[in-house]
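All remarks here apply to the structure that follows.
The values are calculated or read from the model by the stated rules, or taken from the named source; none is laboratory data. Bear in mind that the values here come from a model prediction, so they are computed numbers and not experimental data. Cβ: placed from backbone, ideal geometry, glycine included. Neighbour counts: every protein chain shown. SASA here: full protein model, heavy atoms, side chains in, ligands and nucleic acids out. Shrake-Rupley method; radii C 1.70, N 1.55, O 1.52, S 1.80 Å.
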Amino acid sequence: MTKIGVIGYGTIGKRVSDAVLLQNDMKLVGITGNSYNYKIEVAKKKGIKIFSADKVGEDLKKNNIYLSGNIYDLVKECDVVVDCTPKGVGQKNKETYLSYDKKAIFQGGESLEVADTSFVAQCNYNQSINKDYIRVVSCNTTGLCRTLHAVDKQYGIDNVHATIIRRAADPWDIYHGPINSIVPVLELPSHHGPDVRTVLPEFSVFTTAMTVPTTIMHVHSVTVDLKNPATDEDVIELFRNTTRIKVVRNSEKIRSTAEIIEFAKDLGRPRGDMPETCVWDKAIGTWGNKLFYLQAVHQESNVVLETIDAIRAAMGFPSAQESIKKTNESMGIN
Ligand code: NAD
């Protein structure tokens, strides 16, 4: 049993904690609370041990949250720490993980330098086996890597251009926007292309990006120059047969991100999560050696699967395929 502590119990942290609870080879020691809120109340109801993110946890104690200790006590008890704090905080927390000689998994908001490797399980699991510090790349990078890796293995890729249409904020978030504008990222390439190359360095990837007023998923418009030609039907089949990719069908009337998430809710997925990269069947097309497709990425959940596999890699679990299978089965992904 690998003992896990989750630092930061927000969008990603609460999902990672629930996913750890589903694994038969992991034990959730506890989570950290930074300040009192409804998420901490839910952790308490679930019987998860709560540790304060600072030494004292004044705000939590004041609101009748029983503390099992502070972040240092939690880190001490764990084999692997999963840092799910906001961008940049993980880098600072690393000093604590280093001082207790603990392995740590970081999220995609952290810079590359925080970890020994960047990670997407089905692309480069083996490079992270027994590593002390692993960075699960961002939701957008994870979504791109899953489909591009499958395409590269089957047809070979010369180069890629992708446009990332980003959701403005997570659904709970009342602080960010835009609410009535499309905001281009005025930097070329956007950071996503270079980030994909930290996992898949074999071909060049150029990305552009913009933010749009939605909270429901990111959408990617992908153009790939293939080494060997493909047909639409073969690519659909390839994606159907690749783990963590879901081909969604026009005939089922799944034509939008809204319908994908409604579908996930109807399937009974916890929180209405859709961790698979969803590719629309009618938006897969070929023209000469070019392949085009449109895919949707559920920002709140896709990296959770990867985080579970990254924990196994850090602990030396030798098989990517077995880890992916265990994680998928535990979380109802087929
Ligand atoms: P979040 O704001 O929802 O949650 C962060 C949590 O960390 C909050 O509960 C906050 O109270 C807590 N926190 C803040 N400072 C802390 C500290 N010093 N010590 C301990 N806890 C602290 O953030 P998130 O969206 O879950 O993002 C976490 C990481 O995951 C980031 O690196 C982000 O880039 C990455 N990520 C986010 C998404 C997404 O769409 N939300 C997707 C993929 C990756």
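Observations on the model:
- Rolling a 1.4 angstrom probe over the protein heavy atoms with all chains in place gives region 169-212 an accessible area of 60 Å² per residue.
- Within the chain: Cβ-based charge dipole about Cα centre, in debye rounded to nearest 20 (Lys, Arg +1; Asp, Glu -1): 760 debye
- Spatial separation of Cα centroids for region 141-175 and region 194-254, in angstrom: 6 Å
- Farthest positive-ward along the chain dipole, Cα basis, beta-carbon charges - from T286, L188, Y175: Y175
- Other residues within the sphere of radius under 13 Å centred on the Cβ of P213, judged by their own Cβ, net out at +1 (K and R +1, D and E -1).
- Trypsin sites (Lys or Arg not before Pro), loop per DSSP, at most 13 other Cβ atoms within 10 Å - longest free stretch of the chain: 88-226
- 3J(HN,Hα) along region 21-35: 4, 8, 8, 7, 10, 9, 10, 7, 6, x, 10, 9, x, 8, 8 Hz, from the Karplus curve 6.51 cos²θ - 1.76 cosθ + 1.60 with θ = phi - 60°, whole Hz, x for Gly and Pro.
- Inter-part distance where region 66-85 and region 258-334 are each reduced to a Cα centre, Å: 28 Å
- Of all DSSP bridge pairs formed entirely within the chain, close to 40 percent run antiparallel.
- Where chymotrypsin sites (Phe, Trp or Tyr not before Pro) fall in DSSP loop in region 264-324, at most 15 other Cβ within 10 Å: none
- For region 35-168, accessible area per residue (1.4 Å probe, heavy atoms of protein chains only), Å²: 44 Å²
- In this structure region 231-334 gives 43 Å² per residue of accessible area when probed at 1.4 Å with all protein chains present.
- With all protein chains in place and a 1.4 Å probe, the accessible surface of region 139-297 carries 54 percent carbon and sulfur.
- Of the chymotrypsin sites (Phe, Trp or Tyr not before Pro) in region 1-88, those whose Cβ has at most 16 other Cβ within 10 Å and which sit in DSSP loop: Y66
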